[in-house]
Amino acid sequence: MAKISQDTIRNVIESNDIVDIVSNYVQLKRAGKEYRGLCPFHSEKTPSFYVDGERQVYYCFGCHSGGNVISFIMNIESLNFIDAVKFLANKAGIAIKEDQVNDQRSILYEINREAARFYYENLKSKRGVIAYNYLKNRGIEDKTIVKFGLGYSQKAWDGLLNHLSKKGYKVQDIERAGLIIKGKDGASYYDRYRNRIMFPIIDSRNNIIGFGARSIDETMPKYLNSPETEIFNKSSVLYALNFAKKSRSNHFIIVEGYMDAISLHQAGIDYAVASLGTALTPKHVELMKRYKNSVIIAYDADAAGKMATDRGLDLLEKTHLDIKVLEIPSGKDPDEFIRSAGVQAFKEAENAAVPFVQYRLKKAQDGLNLDNPEEKAIFVNRASDVLADVTDEVRLNSYIKYVSELTGIEEPIIKAHIIKKVKSKNQQNKNIEYISGNNRHNINYENNDVDDKTRVPLIDETERKVLAVLTNSRELREKYIYSLEEDLFKYPFSQKLLVWLRDVTLRNENIDVAELMSKYEEDEEIEEVGKILSMQLPQEPENTLIEGLLTLKREKLKRAISELTVNINQSKDINIIKKLQQEVMEIKKELFNLSIKKSERRGQNG
Ligand SMILES: [Zn+2]
């Protein structure tokens, strides 16, 4: 990523008062030492969004978004870090000096943007007539074509390649963007997309990260997506999210295809996103949860049915996003449905959407005759699998009741079934967690169809709380920082922050936000930094810190035990096994002492 000097970042932060900047977007009222208003990041009627002029941070008690002036602009203007700094610099009249670092990724964004422009011009030109007519026949209006930047890749082997080369882009970069393919001779290149309608895929920061392409002749496959590139990862992208996140609706509707999403937007359903033909991934859910609390899945019957029986759905349940399913009647896709039945019918279907768990229970019944004892047992087994994912007790109990009434099997028996499933799932998850060790990109998930890094969070709640205290209280930082080892923290993000905090303490300095922000490269890391800075110290910060550190210590010991256990199981040398077992015993003793310490603390604090 291009670098902006620390001095510039500092200058930008100091020249843009957060109260002034936020006031451009949110009506703020004074509330004691702070300012309060309606949160721009979630819909609410009573204000829970606070701006603290003294600490120069904002925080929302409703959706827990928070950060400093730069993270605010990143979120509200959908900009990446560099562009947010430029935006604020521009406001304050500061000239930006970018280091002459070659920006590996922004060149790809630039090439994609130029390609999208080229495809769009093609669609409007004479050679795009067939494609244009195709869109017209599917009811797509001109203003929709403009809004989504639809285009056409001409029926030639080098149309785009020539265009981009003339613009001065290097063949290697165009290939890295996934737009051209190396020929069999190993020297020449040709366009990846030919004679197709082009759908630019735009991320939530308004970068064009890839393309979808639909053939308009008989060429297969019908739909072609960008390959995985440095900036495009299919399982972590939602098409049309850049528009849908701004909708006033309190939920999203998720469809499978580009045309579905576009049709819905054109019909005024401006909260539709598309998952590009993949199943719903935890990364999708995480993305949506940033903006809204619920989503309705509107896949066609086959796809919805398939996803209801997929594995790994416990991950969705854990995200606490409210998920419902709308089954489109009789083998239609949402695009066809809304065009034939109209918006009103679609909205009615939306209102009739059922909770995801309920839908999965219905699917678990498919093909089974519940009067037959054998098939009834199969159903209870499947239903227990579904319900093992439900973490909310009230909901769980009402579903158990439902299954009991349906089958005539007593509730305690069903409950026992579910507990067994939960235990075996926990065991699986533990294995995953403990293997993980330190490397965020190297985790062995059982189900490996998703890019690892899209699944693994940056940090967890305990580490965040501990680091927030260490970052925001100089006194406690100075008291504790030297006693903390890096490997106490599980996530590389946290380890890096710890090292930096130690360095700051050594230098006997205060936190320099500009320096800290420029330590990290990824936008999500920079946002996390902002969030940590924005967190208020808890009532009793030292207690929170010590409790958190004890939890981290315990987790670290457990990780050590499971690593040793793996070694014991793999070792054939009895002496080594004995030695490892001895180590395990010692760690267990340490864990035990830790639990005594913890309960003593509980006693002290009442
Ligand atoms: Zn909020």
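What follows is calculated from the coordinates using simple rules that are stated; it is not laboratory data. This is a predicted model, so every value here is computed, not measured. Positions of Cβ are generated from backbone atoms using ideal geometry, with glycine treated the same way; all protein chains shown enter the neighbour counts.
Please identify which residues in segment 475-506 have an amide N closer than 18 Å to a label point set 7 Å out from the Cα of N593, following the Cα→Cβ vector. Output list for this probe position: 483-485, 488.
Below 14 angstrom from the Cβ of M585, what's the summed charge of the other residues (Lys, Arg +1; Asp, Glu -1)? Write out the running numbers ahead of the final one.
On the way: positive: K578, K579, K588, K589; negative: E583, E586, E590.
Local net charge: +1.
Which far-off residues, 5 or more places away or on another chain, put their amide H under 5 Å from the one on I253, with H placed in the peptide plane? For I253, the qualifying residues are A272, V273, I296. Per-residue Cβ neighbour counts within 10 Å put T281, T8 in the sequence T8, T281, beginning with the fewest. Ranking F493, G168, H251 by how far each Cα lies toward the positive end of the dipole of the chain (charges on Cβ) leaves G168 at the top.
Give me the log10 of I(q) over I(0) for segment 497-591 at q = 0.11, 0.14, 0.22 Å⁻¹, as the Debye formula computes it from C-alpha points; what are the numbers? After summing over all Cα pairs, the log10 values are -0.59, -0.77, -1.10. Helical runs (DSSP H, four residues minimum) scored at -39500 (n - 2.57) apiece and divided by the length of the chain put the mean residue ellipticity at 222 nm at -16000 deg cm²/dmol.
Rounded to whole numbers, the Karplus 3J(HN,Hα) couplings from phi for segment 289-299 are 5, 4, 10, 9, 9, 9, 9, 10, 7, 10, 8 Hz, using 6.51 cos²θ - 1.76 cosθ + 1.60 with θ = phi - 60°, and x at Gly and Pro.
Working note: Karplus 6.51/-1.76/1.60 with θ = phi - 60° gives segment 514-521 the couplings 4, 5, 4, 5, 7, 6, 9, 10 Hz, where Gly and Pro are set to x. Computed from phi, the 3J(HN,Hα) profile of segment 407-416 under the Karplus parametrisation 6.51, -1.76, 1.60 (θ = phi - 60°) reads 9, x, 8, 5, 4, x, 5, 5, 4, 4 Hz, with x in place of Gly and Pro.
The amide H of G210, built 1.01 Å from its N in the peptide plane, has I201 as neighbours under 5 Å, considering only residues 5 or more places off or on other chains. The length gained by stretching the chain between E521 and S294 to full extension, at 0.36 nm per residue less their Cα-Cα distance, is 78.7 nm.
For Y299, the amide hydrogen comes within under 5 Å of the amide hydrogens of L326, counting only partners 5 or more places away or on other chains and with H modelled in the peptide plane. The residues packed around D203, meaning those with a beta-carbon under 15 Å from its beta-carbon, carry a net charge of -2 if Lys and Arg are +1 and Asp and Glu are -1.
Taking the number of other C-beta atoms within 10 Å as the exposure measure, put V171, V285 in order starting with the fewest. Working shown, then result.
Details: V171 14, V285 19.
If I rank by nearby Cβ atoms, fewest first, I get V171, V285.
S249 sits among other residues whose Cβ lies under 13 Å from its own Cβ, and their net charge, with Lys and Arg +1 and Asp and Glu -1, is +3.
If you bin all the Cα-Cα distances of the chain at 10 Å, starting from zero, the percentages per bin are 3, 13, 21, 25, 21, 13, 4, 1, 0.
Among the DSSP beta bridges whose two residues both lie in the chain, what percent are antiparallel, rounded to the nearest 5? Before the final figure, lay out each step's value.
Values: 32 of 43 bridges.
In the chain, DSSP labels about 75 percent of beta bridges as antiparallel.
Since only S294, A468, G128 are under comparison, the one whose Cα sits farthest along the positive direction of the charge dipole of the chain, derived from C-beta charges on Lys, Arg, Asp and Glu, is G128. Among A274, A84, S518, whose Cα projects farthest towards the positive end of the dipole of the chain, with charges put on the beta-carbon of Lys, Arg (+1) and Asp, Glu (-1)? The residue sitting farthest along the positive end of the dipole is A274.
Magnitude of the charge dipole for the chain, about its Cα centre and with charges confined to Cβ atoms of Lys, Arg (+1) and Asp, Glu (-1), is about 260 debye.
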